[in-house]
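J.: Mind having a look at this structure? Questions to follow.
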Amino acid sequence: MAKVEMNAPRIKSVTPLKERRLLVTFVNGVQNIYDCRRILNLDRFQLLRHEAFFKAVTVDPGGYGVSWSDEMDLSEYELWDNGVEIEHGAALNREETAIDQVERG
C-alpha cells in the first residue's frame, strides 16, 4: 500500500528492535520499520553501534522526529520516507513479530 500523504505525519511512538531497527508508529496509525544499519557508516551516527545507546531512543517533543542525544536525531520525514510500512492486513502478525524482537533492557 503506497503512502499517499505529501508530508510526513508526526511520530506517536518508537521502539528499538534487534538488528538496529526501529518500529515507528505515526499519529495516523501507520507503522514503519526503519533500518538504522543504513546510517551506521555516517560519522555522526557511530554511537548507534552501541546497543545501550541505540536502545535509549525517544520521540522528540511534538513528534517531529526521534533522538538519542541533542546531536543525534532522525526527522519524521526520514523515518516516513525510508521506513518500510507494515501493511494493515498483516499488521497484527507483523507487529507481534516486531514486538517479539524488541530488545528489552
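J.: Mind listing just one residue for me: the one in the stretch 32-52 that is of a type outside the set (D, E, K, R) and part of a strand (DSSP E or B) and, of those, surrounded by the most Cβ atoms within 10 Å (Cβ to Cβ)?
T.: Tyr34
J.: Next question. Inside the stretch 55-77, can you point out the residues that are in a helix (DSSP H, G or I) and either in contact (Cβ under 8 Å) with a residue 40 or more places away in the chain or over 21 Å from Lys12 (Cα atoms) (or both)?
T.: Once the filter is applied, which keeps residues that are in a helix (DSSP H, G or I) and either in contact (Cβ under 8 Å) with a residue 40 or more places away in the chain or over 21 Å from Lys12 (Cα atoms) (or both), the stretch 55-77 yields Gly62, Gly63, Glu76, Tyr77.
J.: In the list Glu95, Glu103, Glu71, which residue meets the criterion of being modelled with pLDDT under 55 and farther than 17 Å from Arg37 by Cβ?
T.: It is Glu95.
J.: On the given criteria, is Gly29 without any contact (Cβ under 8 Å) to a residue 24 or more places away in the chain, surrounded by fewer than 16 Cβ atoms within 10 Å (Cβ to Cβ), in contact with a Lys or Arg (Cβ under 9 Å, 6 or more places away or on another chain) and outside any strand (DSSP E or B)?
T.: When the stated conditions are applied, Gly29 passes them.
The values are calculated or read from the model by the stated rules, or taken from the named source; none is laboratory data. Here the structure is a predicted model, which means the values were calculated and not measured. Note: ideal-geometry Cβ built from the backbone for every residue, glycine included; neighbour counts use all protein chains shown.
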